Every structure is written in C-alpha cells, then in structure tokens.
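Below is one structure, written out as structure tokens, with a few remarks after it.
The values are calculated or read from the model by the stated rules, or taken from the named source; none is laboratory data. Given the structure is predicted, the values throughout are model-derived calculations rather than measurements. Here Cβ is always computed from backbone atoms with ideal geometry, including for glycine, and neighbour counts include all displayed protein chains.
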Amino acid sequence: MTSEPARYVGRFAPSPTGPLHFGSLLAAVASYGQALVNKGQWLVRIEDIDPPREQAGADKLIIDMLEAYGFEWDGPATYQSVFTSHHEALVSRLISDGLAYPCSCSRRDLVNVPTGPLGAIYPGTCRDGCAADEFAIRVRVDDEPIEFEDALQGTIQQRLQSESGDFIIKRRDGLIAYHMAVVVDDFDQGITEIVRGVDLLDSTPRQIHLQRLLGFTTPAYIHIPVAVGEDGDKLSKLTGAAAINSDDVGASLHLALQCLGQQPPETLARANSGVIWQWVAENWNLATLRGQSKIHPARHGYG
Ligand code: GLU
C-alpha cells in the first residue's frame, strides 16, 4: 500500500508598508525554499489590513519584484482585506462564546501597568464589563503554558496570563488585529508550515492560543534569523533599508542564499533565476541556521 505524501502549503505574507527590502527578500526566499524542497505549494498573501501603516502602490511593487526574481506562486496573490467580514464574524463568535470581550481602556489608561518583553501586560480591567462607545476587543488568556517546537529556534514556551494578559483581536479604530487575521487566513488557506522572521517568534504563542480557541490546527513553524545592519538593528522599512531592485537578480539571490546558510556555487551569481531556483529545489537545507537569531548581510558583501 502506498501512502500519499503529506501535502505541504507554505506562504509569504508581506504587509504593503513599502517595497521589498533585503530583509523581506530573505523571508520570501526562505519560505519559497522550504516549499520547493518539500515539492509543495507556495502562496503569496498581501496583508493589507492596516491602512494607516501602508504605502499606496507597495503591493504592486512587491508583486512585481517577486516576479522579477522568478518566484512562482500557486494561484493569484490574495489580499487579506478581502476576508475582513470573515475575520469579524469569528471575532463575534469568540465574544458570544464568552472567550473575548470589549475593552475601553486607552493607551493612557495602561501607562502604569507592568510591562514585560511583549509590552504592557493587560491587567484585565474590562474583563467583567465596560461601558464606552469606543472599544477594542480582547481575547481571554489563561496561565497554562503554551509550548511549541520551532524547527530552528527550539522549544518556545509562554504563559500568556503573566506575559501579555488578554490581548487585542480587534482594535479600537475598528481594524482587525494582526494576530486574528493571520491565524484565520493561514487556517483557511491550509498553510501547513509558516516560515517568517524571528522577530515574530514571540507572537506565535498568542497565535496558537487563538488557533486553539477557534478549533484550528497549528501549523509547523520556522522562524529564521532577521537581517541586521552594521548597528545590529533589524533591516526594515522603518530603519530605511534600501528597496531591492531587479538590476542583478542572480547576484542578489546568490547573496540571499549565502545569508540563509546555503552554499550556492559562485557561478550561480551569474545565472538566471530559473537555474537558481532549480539549484534551491535540489540543495535547500536550513539546518545551519539552527539557534541563530541574526544574519549580517554586510559580512556576505551586502551594501
Ligand atoms: N505581514 C507580516 C509582516 O510583513 C508577516 C506576517 C507573518 O508572516 O505572519 O511583517
């Protein structure tokens, strides 16, 4: 009897806050490499649910750049905003199940509460009710440890009650919070493995908590080290990391692969993207990044 190989579905889920920079290219390459070596599907989802942070046209710049780099995704790129009413419905379900509640606390109300590595630890002020016209929705947490195994970062454990407190799933301004949207869409799209930057590692227990409350399966997780500049700070749109361009795709992909601990032959730096992705499909292995939290692209010749 032969059994079907396990289905693999990965994804790249950029927020359209600006064009792709080298740090986000690494996340795209890492998730695509995993999908290629697992002979799986790879989806692109534009996470456009936070208009105040977005830049007009960034979605198109990101998609054009992914195309220029020869990434091939399954089906059309999806836009997270299309699913807002579904996110809203699940927030309502959590409220009617008694698992989430309105919270009228403003940022100012929380200035004196204890903080931990995840920020202010919500003290539960509105747990038993609040009266206000404007409110966020928070999901209840408890202090059972939430533990998962990250393929690169090892065993991760958090106690949400003492480390974050009940957290926001719908913001006061009416927008659905990232944790809620990402959990719902990853489940709806059948994502089996999430590959993203280690800066999101400490968000994962909150996302697993939501998966459990909603009855969703938990995917596998790989949090790759984040690219940092000479100053040790994460390369990001906020710190002004330069957008990548398509002038020399081979050299950029070769550099990205080196940063991700692969050993691409020198000749690949002059190859076209098809040849490079073929090499990746046959040689990809993230194991050398185990336990690392930072990548220094400058040490590989970036910049
Ligand atoms: N949209 C998020 C970002 O660009 C990534 C979300 C995720 O991979 O879970 O930072």
Which numbered condition trips up Cys130, out of (1) at pLDDT below 95; (2) closer than 30 Å to Gln292 by Cβ; (3) of a type outside the set (S, T, N, Q)? (2)
Name the residues in the range 20-29 that are under 13 Å from the mean Cα position of the chain (by Cα) and within 11 Å of the ligand (Cβ to nearest atom), would you? Gly23, Ser24, Ala27, Ala28
Within the range 22-31, does at least one residue satisfy the condition of being closer than 23 Å to Ala251 by Cβ, hydroxyl-bearing (Ser, Thr, Tyr), in contact with a Phe, Trp or Tyr (Cβ under 7 Å, 6 or more places away or on another chain) and in a helix (DSSP H, G or I)? yes
Can you tell me how many residues in the range 239-271 are exposed (fewer than 12 other Cβ atoms within 10 Å of the Cβ) and under 26 Å from the mean Cα position of the chain (by Cα)? 3
Just give me the residues in the range 154-200 being within 16 Å of the ligand (Cβ to nearest atom), more than 17 Å from His86 (Cα to Cα) and either part of a loop (DSSP other than H, G, I, E, B) or within 12 Å of the chain's Cα centre (by Cα) (or both), in sequence order. Ile191, Thr192, Glu193, Ile194, Val195, Arg196, Gly197, Val198, Asp199, Leu200
Filtering the range 40-78 down to residues that are over 22 Å from Asp188 (Cβ atoms) and among the hydroxyl-bearing types (Ser, Thr, Tyr) yields Tyr69
Which condition does Glu67 not pass, out of (1) within 29 Å of Tyr302 (Cα to Cα); (2) within 12 Å of the ligand (Cβ to nearest atom), if it passes all the others? (2)
Restricting to the range 88-129, count the residues that are of a type in the set (Ser, Thr, Tyr), surrounded by 15 or more Cβ atoms within 10 Å (Cβ to Cβ) and either part of a loop (DSSP other than H, G, I, E, B) or in contact with a Pro (Cβ under 7 Å, 6 or more places away or on another chain) (or both). 3
Filter pass, Ala35 being part of a helix (DSSP H, G or I), within 10 Å of the ligand (Cβ to nearest atom), closer than 22 Å to Val183 by Cα and small (Gly, Ala, Ser): no
Which one is modelled with the highest pLDDT among residues in the range 108-127 that are among the small types (Gly, Ala, Ser) and over 21 Å from Leu175 (Cβ atoms)? Gly124
Test His179 against the criterion of being free of Cβ contacts under 8 Å to residues at least 60 places away in the same chain and touching a Pro at 6+ places or on another chain (Cβ under 6 Å), and give yes or no. no
Scan the range 229-244 residue by residue and report those that are out of contact with any helix residue (DSSP H, G or I) (no Cβ under 8 Å at 6 or more places or on another chain) and not charged (D, E, K, R). Gly232, Leu238, Thr239, Gly240
Counting only residues that are away from the ligand (no atom under 11 Å from the Cβ), closer than 25 Å to Leu257 by Cα and in a loop (DSSP other than H, G, I, E, B), the range 201-236 contains a total of 7
Can you confirm whether the range 86-107 contains a residue that is within 16 Å of the ligand (Cβ to nearest atom) and either at pLDDT 95 or above or hydrophobic (A, V, I, L, M, F, W, C) (or both)? yes
Looking at (1) at pLDDT 95 or above; (2) not in a strand (DSSP E or B), which is the only condition Leu43 fails? (2)
Can you find a residue that is touching a residue at least 12 places away in the same chain (Cβ under 8 Å) and closer than 24 Å to Gln34 by Cα anywhere in the range 155-164? yes
Within the range 216-273, how many residues turn out to be aliphatic (A, V, I, L, M) and free of Cβ contacts under 8 Å to residues at least 40 places away in the same chain? 5
